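Visitor: Could you have a look at this structure, given as structure tokens, before my questions?
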Protein chains: 8
Amino acid sequence: MGLNVFLSGEIHTDWRNEIETGCGDAGLDVTFASAVTDHGASDDCGPAIMGAESDKFWHDHKSAKLNAMRIRKGIADADIVVVRFGDKYKQWNAAFDAGYAAALGKSLIVIHGPDHQHALKEVDAAALAVCEHPKQVVDMLRYISNGTLPA
Amino acid sequence: MGLNVFLSGEIHTDWRNEIETGCGDAGLDVTFASAVTDHGASDDCGPAIMGAESDKFWHDHKSAKLNAMRIRKGIADADIVVVRFGDKYKQWNAAFDAGYAAALGKSLIVIHGPDHQHALKEVDAAALAVCEHPKQVVDMLRYISNGTLPA
Amino acid sequence: MGLNVFLSGEIHTDWRNEIETGCGDAGLDVTFASAVTDHGASDDCGPAIMGAESDKFWHDHKSAKLNAMRIRKGIADADIVVVRFGDKYKQWNAAFDAGYAAALGKSLIVIHGPDHQHALKEVDAAALAVCEHPKQVVDMLRYISNGTLPA
Amino acid sequence: MGLNVFLSGEIHTDWRNEIETGCGDAGLDVTFASAVTDHGASDDCGPAIMGAESDKFWHDHKSAKLNAMRIRKGIADADIVVVRFGDKYKQWNAAFDAGYAAALGKSLIVIHGPDHQHALKEVDAAALAVCEHPKQVVDMLRYISNGTLPA
Amino acid sequence: MGLNVFLSGEIHTDWRNEIETGCGDAGLDVTFASAVTDHGASDDCGPAIMGAESDKFWHDHKSAKLNAMRIRKGIADADIVVVRFGDKYKQWNAAFDAGYAAALGKSLIVIHGPDHQHALKEVDAAALAVCEHPKQVVDMLRYISNGTLPA
Amino acid sequence: MGLNVFLSGEIHTDWRNEIETGCGDAGLDVTFASAVTDHGASDDCGPAIMGAESDKFWHDHKSAKLNAMRIRKGIADADIVVVRFGDKYKQWNAAFDAGYAAALGKSLIVIHGPDHQHALKEVDAAALAVCEHPKQVVDMLRYISNGTLPA
Amino acid sequence: MGLNVFLSGEIHTDWRNEIETGCGDAGLDVTFASAVTDHGASDDCGPAIMGAESDKFWHDHKSAKLNAMRIRKGIADADIVVVRFGDKYKQWNAAFDAGYAAALGKSLIVIHGPDHQHALKEVDAAALAVCEHPKQVVDMLRYISNGTLPA
Amino acid sequence: MGLNVFLSGEIHTDWRNEIETGCGDAGLDVTFASAVTDHGASDDCGPAIMGAESDKFWHDHKSAKLNAMRIRKGIADADIVVVRFGDKYKQWNAAFDAGYAAALGKSLIVIHGPDHQHALKEVDAAALAVCEHPKQVVDMLRYISNGTLPA
């Protein structure tokens, strides 16, 4: 069973690569997509292409909308949306993506540590799986793909 | 033009009442809904009705799902979803509601202060209006209802 | 918050009445619907109106399709679908209704005793609430309607 | 005409393989999917990957939700959903899948013996075909694919 | 259970009135709609309002599209669509309405005599009920509304 | 048959009032909605409520999005969308509304003079009626409502 | 631009082959589908596979539903649905397919001779093209595919 | 990330080719579609294939509907719809396409010069990006595809 997976959320650790590499090593037929994860490019892409803005709100607005084209395509094509919440920052875009995916009926996997358990209860309640480590997502994608459990 | 409006987000200030009262004083035909805003009841409703859980995760899970029945109904019926982000807490459920509403094509109004501008840029980019004060939402609902601008 | 609730499943105990009476006593704005619960009428309605069938399969087929018009309308209009599994019989129609409701994105409440827990795990996994007694459904509908928890 | 077919239900006989082999022998362009049919893995997959649960309800809940990701994908991609009811067990998940598929407008084929005819009348009423043997499904898929009837 | 019913098809007998009167006499909460059944007005409404056409094709085209506004509204609002095929004429618009209603997931009741059985098999196969007389539709609507079978 | 009608387009003549008065005089059950038609308020509503913008693009952007909440609600609720193109201005918002309504499957009536016939051919091709005068829309709404043609 | 085209209707002339050959000769990237056009197989497929019926209604019912699996798949996958009405027979299934396709928003092409013009006005009104000869459909598919008009 | 892009609007400059060539030079996996851009063929295609019309309205009507089959397919398949407004003509079809795409939830990019800013404010408000030059669209498609900003 081939799967399309969108990876959303925290961009300061190597978790996307860990999942993609793990699935590659397991020989799974999984195609990944995600937002542009270069923080600087993501922040400035709108004005860089469409022209500078003096007001920070519109600077961010232009960039967020340009990024939205990629994110919406990624979520629309996905069978499964994985959202990771890290230790820092507000990460409201991650929660926004989770809500967006849930409303479209996408299968949702949430990754977060125990510290965020209570604050993420509404997001977790909409998910089909909640875990702490990227390796667990690899294990899930392998099980979903071919029924194999970790040794 | 009658409107259904769902009010999501921060529960520690009086903003819901301010909007409802303002619209009532203006004689608008607006029906409001929101999640249960009693923090204690919202946290414990699941185990209180369906039985206690020893694990905090499942305690929260039961409650969050019971609350979800009310929230989904409220958003599904809404023409406009207003989401307010306050000064404190993670408020991931507010961002989740915003994403959920956006994916359903609801008109979205976001309220937040200037401190959160950059962190909320993706949420703001999906909104049809961004403002700082509940009174501005009253002004918008009056304008949408009957075309009248504030004096 | 007014609610439309469809009650599906077991027809040999008084549970529908218990929920409707409980909500009425609590003064809730809840409208209930359900399939025709007169077992004989439900089995024979098709041939009684459209003409007899010599083959039991088609006798049942005609009746099941006539009943389906009422059931589909009831589920389509519902905000919440409550499905109760009793102690006896196969009750595949109850599980079918649960799947039908889940696919339409309806909020699902499942009632069953502990004996059926393992056999109903897939149905429970699609539900927003699982409980054992009709009174708990009354408590949930009151909480969803007006935020009040049982004393 | 290429077809995607999801096979749901009874896992204790060889019927899935019988259908897949029959279609392969007939040279049909049919792609099959189904839930994980290893009973043990299916029951324990959630805790095995995401961590143990002391309460059987949550053990089953975690597993059922993980399995749901595969099942939803399989049904969503399917043109035709085949559901087989065997002689034993409650098989509520099979009826749930049938209801889920029906609500999505999928073409539904039901396989069951004469003993279950009355109990499955609502499921049969939603189906486009009802039969008793896997070979009949092969015959149907060949007819749908290329118009050939069995000799 | 209140019902919206759209009555489509043959316009040369009194069947619409028979159903509406029968449901009225039974005290049912059923709201009926149908296309304009004045044959002359239906044929000429387009040119009468929007200007004459020399070409019969466009004369009919203008009228058919104007009628379509009423028909689409009626079918869109309907819970149940009843289509009657009479003894004469091609009645392709009736079959078109049946297909249109089926694709929208509306519950479909077909009325026709035994002479048309083979020619209508595809339409009947999409219906939830097939009968011969308007009185049977009254009996069905009463049963669907309140569970009462004819005496 | 009660109808919801959204009136879009040209705001410099009295055509909306002509249609509403005509339907009122005919005693029709039609509810009308439209965008705010006060040109000044429509242009400035965003900054007036949410704060001034130095850049004309963002001034217009804020206002257009606030107006969009009313327009989307009006079109979403409509059975029929009437779009009038006048003699002057680009009126791209009118054509945008027509496309928006067409994609949602709304019944579309277009009003324009003969000068614009060729330029509006794509819009007319998506419409169920094309006419020149508001009185013709009154005649259509009367015919759709109760089957009466103009004397 | 690759196209999926479903060919529905009359089965007694060579029109399907004429269109497929014409498009093949023109080198177009068009994939065709249609119902099983072997009249005998189409009539008897249900009982042949699922068991005989003594009642003609149920004989036809079983076959029509089995055929429906192929037809629904064909229409669901189609960009364009072509429906041809011949000189003979009721052809209600063709009109049913046209209504079904129209409700799904498929582009509809209708082929019929001048004798049927008035009787097909509602079907024609839902079509994007009406013509008399299969060669005209080839010309349309070529134009839609690559913009080339017939010499 | 592969993308499907529909290019709508002005046909008198080389902008479509500029975007296609730019994306080709950048090695992007983007598939383009657009309406037939041969002005003469687009105007006359309907009568050329289906027969002449004496009335200009119906001449245009036939052609516009034939073109609509290609345009609807193109927009339905698109992830992103780019609409360019040139200096001349009414271009209502461009605004219609923009509205149609917006209602379907497609990501919308609008290209126009500063002279049209105010007149296009409603269209711009529905867009995720507004720019002036085709090269900027190439830059956006490259960024969306692979995250690279222009040097």
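Visitor: If I filter the range B:38-59 down to residues being out of contact with any helix residue (DSSP H, G or I) (no Cβ under 8 Å at 6 or more places or on another chain) and not in a helix (DSSP H, G or I), which single residue comes out as least open to solvent (accessible area, probe 1.4 Å)?
Guide: Residue satisfying both the conditions and the ranking: B:51.
Visitor: Does residue H:44 satisfy the criteria of being farther than 18 Å from residue G:127 by Cβ and in contact (Cβ under 8 Å) with a residue 24 or more places away in the chain?
Guide: Working: farther than 18 Å from residue G:127 by Cβ: yes; in contact (Cβ under 8 Å) with a residue 24 or more places away in the chain: no.
The answer is no for residue H:44.
Visitor: Let me ask something else about it. Of the numbered conditions (1) touching a helix residue (DSSP H, G or I) at 6+ places or on another chain (Cβ under 8 Å); (2) open to solvent by less than 10 Å² (accessible area, probe 1.4 Å), residue F:86 fails exactly one; give the number of that condition.
Guide: Condition not satisfied by residue F:86: (1).
Visitor: Six or more apart or on different chains, Cβ under 8 Å: which pairs go from a residue in the range H:1-27 that's closer than 17 Å to residue H:136 by Cβ to one that's hydroxyl-bearing (Ser, Thr, Tyr) and open to solvent by less than 40 Å² (accessible area, probe 1.4 Å)? Could you list them?
Guide: Final answer for the pair search is H:3/H:145; H:7/H:34; H:8/H:34; H:16/H:34.
Visitor: For the range F:118-146, how many residues are out of contact with any Cys (no Cβ under 6 Å at 6 or more places or on another chain), buried (at least 18 other Cβ atoms within 10 Å of the Cβ), of a type outside the set (A, V, I, L, M) and facing another protein chain (nearest Cβ under 7 Å)?
Guide: Residues meeting the conditions: 6.
Visitor: Just need a number here: residues in the range C:34-88 that are touching a Ser or Thr at 6+ places or on another chain (Cβ under 7 Å), of a type in the set (Asp, Glu) and within 18 Å of residue E:143 (Cβ to Cβ).
Guide: Going through the range C:34-88 one residue at a time, the tally reaches 2.
Visitor: Collect the residues in the range B:2-18 that are open to solvent by 10 Å² or more (accessible area, probe 1.4 Å), outside any helix (DSSP H, G or I) and either over 18 Å from residue B:30 (Cβ atoms) or not polar (S, T, N, Q) (or both), keeping them in residue-number order.
Guide: Listed by number, the residues that qualify are B:2, B:9, B:10, B:11, B:12, B:13, B:14.
Visitor: Looking at A:77, A:115, can you tell me which residue is more than 18 Å from the chain's Cα centre (by Cα), in contact (Cβ under 8 Å) with a residue 24 or more places away in the chain and surrounded by fewer than 23 Cβ atoms within 10 Å (Cβ to Cβ)? Quick ask: steps written out before the conclusion?
Guide: Numbers: A:77 fails: more than 18 Å from the chain's Cα centre (by Cα).
None of the other options fit; the residue is A:115.
Visitor: In the range G:19-28, is there at least one residue being assigned to a helix (DSSP H, G or I), of a type in the set (Ser, Thr, Tyr) and within 29 Å of residue H:76 (Cβ to Cβ)?
Guide: Residues of the range G:19-28 assigned to a helix (DSSP H, G or I): G:19-25.
In the following step, the residues that additionally are of a type in the set (Ser, Thr, Tyr) were identified as G:21.
Retained after the next criterion (residues that are within 29 Å of residue H:76 (Cβ to Cβ)): G:21.
Yes, because at least one residue in the range G:19-28 is assigned to a helix (DSSP H, G or I), of a type in the set (Ser, Thr, Tyr) and within 29 Å of residue H:76 (Cβ to Cβ).
Visitor: Next question, about the same structure. Residue C:31 - would you say it is assigned to a strand (DSSP E or B) and of a type outside the set (Gly, Ala, Ser)? Show your work before the answer.
Guide: On the way: assigned to a strand (DSSP E or B): yes; of a type outside the set (Gly, Ala, Ser): yes.
For residue C:31, the condition - assigned to a strand (DSSP E or B) and of a type outside the set (Gly, Ala, Ser) - is met.
Visitor: Give all pairs with beta carbons closer than 9 Å in which a residue from the range F:48-63 that is farther than 17 Å from residue H:131 by Cα and in contact (Cβ under 8 Å) with a residue 60 or more places away in the chain meets a residue that is aromatic (Phe, Trp, Tyr) and in a helix (DSSP H, G or I); count only pairs at least 6 apart in sequence or on separate chains.
Guide: none
Visitor: I'd like the full set of residues that are within 12 Å of the chain's Cα centre (by Cα) and open to solvent by 30 Å² or more (accessible area, probe 1.4 Å), limited to the range H:19-32.
Guide: H:32
Visitor: Tally time: how many residues in the range F:118-151 are out of contact with any Lys or Arg (no Cβ under 7 Å at 6 or more places or on another chain) and either touching a residue at least 24 places away in the same chain (Cβ under 8 Å) or among the polar types (S, T, N, Q) (or both)?
Guide: Qualifying residue count for the region: 14.
Visitor: Filtering the range H:60-74 down to residues that are more than 12 Å from the chain's Cα centre (by Cα) and aliphatic (A, V, I, L, M), which residue is surrounded by the most Cβ atoms within 10 Å (Cβ to Cβ)?
Guide: Only one residue tops the list, namely H:66.
Visitor: Let me ask you something else. If I ask for residues that are at the interface with chain H (Cβ under 10 Å from one of its Cβ atoms) and part of a helix (DSSP H, G or I), which ones from the range F:108-117 would you list?
Guide: F:114, F:116 - these are the residues of the range F:108-117 that are at the interface with chain H (Cβ under 10 Å from one of its Cβ atoms) and part of a helix (DSSP H, G or I).
Visitor: Is there a residue being buried (at least 22 other Cβ atoms within 10 Å of the Cβ), in a helix (DSSP H, G or I), acidic (Asp, Glu) and within 17 Å of the chain's Cα centre (by Cα) anywhere in the range F:93-105?
Guide: Kept after step one, since they are buried (at least 22 other Cβ atoms within 10 Å of the Cβ), are these residues of the range F:93-105: F:93-103.
Remaining after also requiring in a helix (DSSP H, G or I): F:93-103.
Within this subset, residues satisfying the condition of being acidic (Asp, Glu) are F:97.
So of that shortlist, the ones also within 17 Å of the chain's Cα centre (by Cα) come out as F:97.
Looking through the range F:93-105, at least one residue is buried (at least 22 other Cβ atoms within 10 Å of the Cβ), in a helix (DSSP H, G or I), acidic (Asp, Glu) and within 17 Å of the chain's Cα centre (by Cα).
Visitor: Residues H:89, H:100: which one is of a type outside the set (A, V, I, L, M) and modelled with pLDDT under 95? Outline the logic, then answer.
Guide: Values: H:100 fails: modelled with pLDDT under 95.
None of the other options fit; the residue is H:89.
Visitor: Further question: Which residues, taken from the range F:75-90, are more than 7 Å from every other protein chain (Cβ to nearest Cβ) and under 20 Å from residue F:107 (Cα atoms)?
Guide: Result: F:75, F:76, F:77, F:78, F:81, F:82, F:83, F:84, F:85.
Visitor: Going by the structure shown, is residue H:108 closer than 24 Å to residue F:117 by Cβ and open to solvent by less than 10 Å² (accessible area, probe 1.4 Å)? Lay out the reasoning, then the answer.
Guide: Working: closer than 24 Å to residue F:117 by Cβ: no; open to solvent by less than 10 Å² (accessible area, probe 1.4 Å): yes.
Taking the combined requirement at face value, the residue does not satisfy it.
Visitor: Restricting to the range A:113-145, give me the number of residues that are closer than 28 Å to residue B:73 by Cα and not hydrophobic (A, V, I, L, M, F, W, C).
Guide: 6
The values are calculated or read from the model by the stated rules, or taken from the named source; none is laboratory data. These numbers were taken from a predicted model, which means no experiment stands behind them. Heads up, the Cβs are rebuilt from the backbone with ideal geometry, glycines too, and the neighbour counts pull from every protein chain shown. To get the accessible areas, we keep the full protein, side chains included, count just its heavy atoms, and leave off ligands, DNA and RNA. Shrake-Rupley method; radii C 1.70, N 1.55, O 1.52, S 1.80 Å.
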